[in-house]
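No lab work stands behind these numbers, since they all come straight from the coordinates. On a predicted model such as this, the values are computed, not experimentally measured, just so you know. Because the Cβ atoms are built from the backbone with ideal geometry, glycine has one as well, and the counts that use them run over all protein chains shown.
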Amino acid sequence: MPDPLRTLVGCGLLLMAGCIQAQPQAETPESAPPAPAGEEASPEPVPIPFEGLDWRLTTYRSDSGPTAVQPRSRPTEFRFEAGRFSGSTGCNRVQGGYTVEGADFRFGEGLAATRMACPEPLMKQETAIFKALQGVTGYRYALDRLELTDDRDETVLSFTRIGAATSAADGTTEALEGRDWVVEALADAEGTLAAPIRGATIDLSFDPRGRISGSDGCNRYLSGFTRTKTSLSFGPIATTRMACTASDGRAEQAQAYAALLGRVSAYRIEGGHLILFDDTGAILVRLRAVIAD
């Protein structure tokens with residue numbers, strides 16, 4: 001006769017097994033295959049903080065030490081992005097490659113440059129900038145500031161971010177920008193101020209990238225500018241080449257205006273007027289403000 005307890009236990013085990021088999025199994029998400037032994041996941045690339053921004057070269061190291069960029073330079077704008085850079089020495093354009101590893105920064109070999117001749121001060125500046133570029137081994141970055149350094153950790157090139165906010169003590173950027181300036185009077189050969197020729201509007205505008213543009217009453221013109229809180233200077237003036245009537249005086253007036261801009265070294269804004277001075281304090285040009293569209 002079979003043992004009842006053993007039979008009950010056996011049936012219980014069979015029932016339990018049957019219940020477990022009857023329940024559907026929950027679906028489990030597929031997991032990623034494990035990385036091969038000895039291999040680690042690649043780290044995310046560290047972003048380079050100064051890339052993708054526009055920079056203006058402000059000082060460079062020359063034989064005499066840190067030197068400010070010539071005020072008559074063309075805009076010394078630089079941009080670094082994805083291992084390539086382009087920029088200006090104030091005379092010629094330059095471009096090439098670079099590498100960054102941690103705090104190390106190096107330009108690649110074979111920098112390419114245009115070959116335009118410039119006044120002697122700009123050619124000397126260019127030579128010093130090229131020499132500084134070749135000595136760069138590292139960088140320091142802070143908000144709106146970039147310094148490229150040599151193997152002694154000394155700064156050889158300094159940049160400020162184009163469009164960076166100025167200090168509260170220096171609100172002149174807002175005063176110069178965001179409006180057009182129309183010439184009311186020009187100094188003649190004797191220094192006497194006189195209104196422009198009727199119908200020949202001369203204007204001037206400033207942009208955050210350190211450039212100026214406008215009409216000289218005959219042609220469109222553009223250039224770069226450098227300023228501090230009180231000083232202001234313009235680079236070489238480039239113009240279109242539209243001919244003006246030889247007998248109406250506009251061509252001569254345009255030439256005189258360009259020459260006056262080349263002598264500007266200081267400025268003052270008062271009562272909606274911009275006044276440009278030479279290095280002796282004589283007024284060269286007076287302009288009134290017009291809100292830009």
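Computed with the Debye formula from one identical point scatterer per Cα of segment 78-172, without solvent, the log10 of I(q)/I(0) at q = 0.10, 0.14, 0.17 Å⁻¹ comes to -0.30, -0.58, -0.82. Restricting the GluC sites (Glu not before Pro) of segment 172-252 to loop positions (DSSP other than H, G, I, E, B) with no more than 14 neighbouring Cβ atoms within 10 Å leaves GLU177, GLU190.
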